[in-house]
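Structure, as structure tokens:
The values are calculated or read from the model by the stated rules, or taken from the named source; none is laboratory data. Everything numeric in this text was worked out from a predicted model, so none of it was measured. FYI the Cβ positions are ideal-geometry reconstructions off the backbone, even for glycines, and counts take in every protein chain you see. With ligands, DNA and RNA removed, areas are computed over all heavy atoms of the protein, side chains included. Shrake-Rupley method; radii C 1.70, N 1.55, O 1.52, S 1.80 Å.
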Amino acid sequence: MELEMEMEMEMDMRAVEDIEIGRDITPPLSPLSFALHDSLVSSHCSCCFSPLPPQPFPPTNSHHVLFYYCSSLCSTSDSPLHLSSAESTLLHLIQSRPSTYPHGDSSDLRAALRLLHSLPATCPAPRISGLLTNRHKLINNHDLRIRDGARAMFLARTMRHAPDDAVWDTATVAPDDAVLEEAVLCLVLTNAVEVQDKTGRTLGISVYDTSFSWINHSCSPNACYRFLVSSPPSQQHSPSLAETPLRIVPGGRATSRIESGVCSKNVLTKECQKYGPRVIVRSIRRINRGEEVTVTYTDLLQPKAIRQSELWSRYRFICSCRRCSASPLTYVDRALEEISAVNFNSSRLSSDISFNRDKATERLTDYVDDAIADYLSIGNPESSCERLEHVLTQGLCDYQPEGNEEKSEISYWLNPLHHLSLNAYTTLASAYKILADDLLTIYSETGNHVLKAFGMIRTSAAYSLLLAGAAHHLFNSESSLVLYVANFWTTAGDSLLYLAKSSLWTDIVRWDRPMSDDSELYHIEKYKCPKCSLIDKFETNSFHDPVTHADFEHVSSEFLDCVTNLTQKVWYFLVHGCRYLGLCKNPIDFCWLDTSKFSNDGEAVAQSTGTKGYSNCGNERSISGSEAEENTNQLRIYIFKVGVHCLLYGEYLASKCYGRHSHLTCHVHNILDL
């Protein structure tokens, strides 16, 4: 995608009219080039990226069957380019001789070959059909990867018509032979975006023309984009999509360069494919006429330093958007990196100390990343939960020299809104549910293991709710986080409904009053709130209706008031047995949090537990009726009610980002059994 370069090179796209939140800014845009990731070429269609049927279709007239298609139409449409571009030859070359390109996935190279096939054999310019190659910067950043890739591309193009027994080697390719391949590969690295399906899984990459590629990056963007991935018979989009006008045009500098002929668009635009993953840009807040439209190229729930590092590493530019230029840092960026320290060596615990923040951040990052890897990479969710709970509850100890060669024991603490804390909540919510499922699979009878599993399901739901509430708290100050918040509220709703529907309630909780039939839970009439219109909007299918910014703010305010009130009735139960969650007084309303002084709560934990104390959230026991204010039926109804509202609000937010094509709509119906 296009980068913010020097003034003479910068391009941008601007709104031609006032655009409200949740409006498509472009019609479905066809790709110039695309390629599946190597790991998916045997499971997904190389033409439309759809999953392959049991009997896939091979390419036509190919000696090497390395790509497959979901239909004869896809095979007929894509096979000629697939073969003539040398894409098949390249993949065969890399698979048979890995030393040809020892840098991993080859989708960038294959997409570049497809583009290269449409270009005249001329000396590369800084821009090709208006798309920046960025070669002069990238060649120094990824020198070996780009040079090896360009040589492999040149070799594949040379070999495509050669006999199968011909012997070739990239060492025989002179540096000047692959200059054009090098430039086009840099163009792909600069402009390609990762294509994701509706679940968020990355399938491959795609390059689009200037209508999309000239949209610049911002860490506080006003737009997002989504992909349409479907087989050819399904690519007849709804009339509303087909009729969506292009509501953006190049800005002044871009227009002048087009008129001067520097950025001629006619070389590649005519080659736009009639198939492949299409992209649609959509507003996520109100955009005024003439205002620049921006999207993000990086994770917005990371602090400024990490965002800047990633953008420089991949694209070689320093972001100067409103959020990055703020001085002092914005509230969101302060919260995402806030840590504190406690001195355990003095006669009284103190958080009013100086410490090396860079060192503390590095140590905390290494610890949390390693703990998360226990779950994601090693497959040990129990170890991951124990380590993450430990660092959240007790901090991370360090020793610093003091006078007379004594060492002071310092403990570093993460702010509850720190980006590492958010990563920990995500992992804990998932890992506890996996642990519970494993226990229930092994032990089916009522007993301590089942009690422990129920506690883990409950703790998983609590962490999901805390993650959604924390992200929403940040969203209140940075509206571009709407995509993250939509997903987190949906996940929280899933977790709470899973807990409310659990059959373990009758085995776990001993109450004075008997439980009623579970079917009483699932009447949506029970969950209508006179102060919140979410359920009414869902029932009348008006989630996707156009709204103004004021309407959006009103619905969000209603939801927060409603879910905050409901959560107060269940939070005490959800956090039972988990010390860290108990410190979080309210997962929705963070007015209890002083972002610079959360260590005070940490001191209280340390004083009550000692530096080695630890509470395992999974250690459960039966709960008597005297420990709760509500009977079982009422408590489950409250939990179900919170879950319904979280799920519906997540869908409401997602509809503003994805429109009627949000994958959550059917998901919500299935979860609610409607």
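In this entry, THR296 is excluded by the filter for residues that are buried (at least 18 other Cβ atoms within 10 Å of the Cβ), among the hydroxyl-bearing types (Ser, Thr, Tyr) and more than 20 Å from the chain's Cα centre (by Cα).
In the stretch 540-566, of all residues being farther than 18 Å from ASN586 by Cβ and among the small types (Gly, Ala, Ser), the one that is surrounded by the most Cβ atoms within 10 Å (Cβ to Cβ) corresponds to SER542. Listed here are the helices (runs of 4 or more DSSP H) enclosed by the stretch 427-520 that have at least 1 residues being open to solvent by less than 10 Å² (accessible area, probe 1.4 Å), at pLDDT below 90 and touching a helix residue (DSSP H, G or I) at 6+ places or on another chain (Cβ under 9 Å): 448-475, 505-508.
For the stretch 397-425, taking the residues that are in a loop (DSSP other than H, G, I, E, B) and modelled with pLDDT under 90, the one that is surrounded by the most Cβ atoms within 10 Å (Cβ to Cβ) is identified as GLU402.
The residues on offer are THR100, THR89, THR133, THR76, and the sole one that is open to solvent by 40 Å² or more (accessible area, probe 1.4 Å) and among the β-branched types (Val, Ile, Thr) is THR76.
Can you tell me which residue is surrounded by the most Cβ atoms within 10 Å (Cβ to Cβ) among those in the stretch 3-18 that are at pLDDT 95 or above and out of contact with any helix residue (DSSP H, G or I) (no Cβ under 9 Å at 6 or more places or on another chain)?
In the first step, residues of the stretch 3-18 are kept if they are at pLDDT 95 or above; the result is 13-18.
Among the residues that remain, those that are also out of contact with any helix residue (DSSP H, G or I) (no Cβ under 9 Å at 6 or more places or on another chain) are: 15-18.
On the way: ALA15: 20, VAL16: 14, GLU17: 12, ASP18: 13.
My answer is ALA15.
The set of residues in the stretch 53-73 that are in a loop (DSSP other than H, G, I, E, B) and buried (at least 17 other Cβ atoms within 10 Å of the Cβ) comprises PRO56, PRO59, LEU66, PHE67, TYR68, CYS70, SER71.
Okay, residues lined up against (1) aliphatic (A, V, I, L, M); (2) touching a Pro at 6+ places or on another chain (Cβ under 8 Å):
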site: HIS37; (1), (2): no, no
site: CYS48; (1), (2): no, yes
site: SER72; (1), (2): no, no
site: SER79; (1), (2): no, yes
site: SER84; (1), (2): no, no
site: LEU93; (1), (2): yes, no
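In the set LEU144, LEU93, LEU109, only one residue is in contact with a strand residue (DSSP E or B) (Cβ under 9 Å, 6 or more places away or on another chain) and of a type in the set (A, V, I, L, M); that residue is LEU109.
In the stretch 299-324, how many residues are of a type outside the set (Gly, Ala, Ser), part of a loop (DSSP other than H, G, I, E, B) and either open to solvent by 20 Å² or more (accessible area, probe 1.4 Å) or touching a Leu at 6+ places or on another chain (Cβ under 9 Å) (or both)? Before the answer, list the steps.
From the stretch 299-324, those of a type outside the set (Gly, Ala, Ser) are 299-304, 306-308, 310-312, 314-319, 321-324; that's our starting set.
In the following step, the residues that additionally are part of a loop (DSSP other than H, G, I, E, B) were identified as 299-303, 316-319, 321.
Still in the list and also either open to solvent by 20 Å² or more (accessible area, probe 1.4 Å) or touching a Leu at 6+ places or on another chain (Cβ under 9 Å) (or both): 299-303, 316-319.
Residues meeting the conditions: 9.
For the stretch 530-539, a tally of residues being surrounded by 11 or more Cβ atoms within 10 Å (Cβ to Cβ), in contact with a Cys (Cβ under 8 Å, 6 or more places away or on another chain) and not in a helix (DSSP H, G or I) returns 1.
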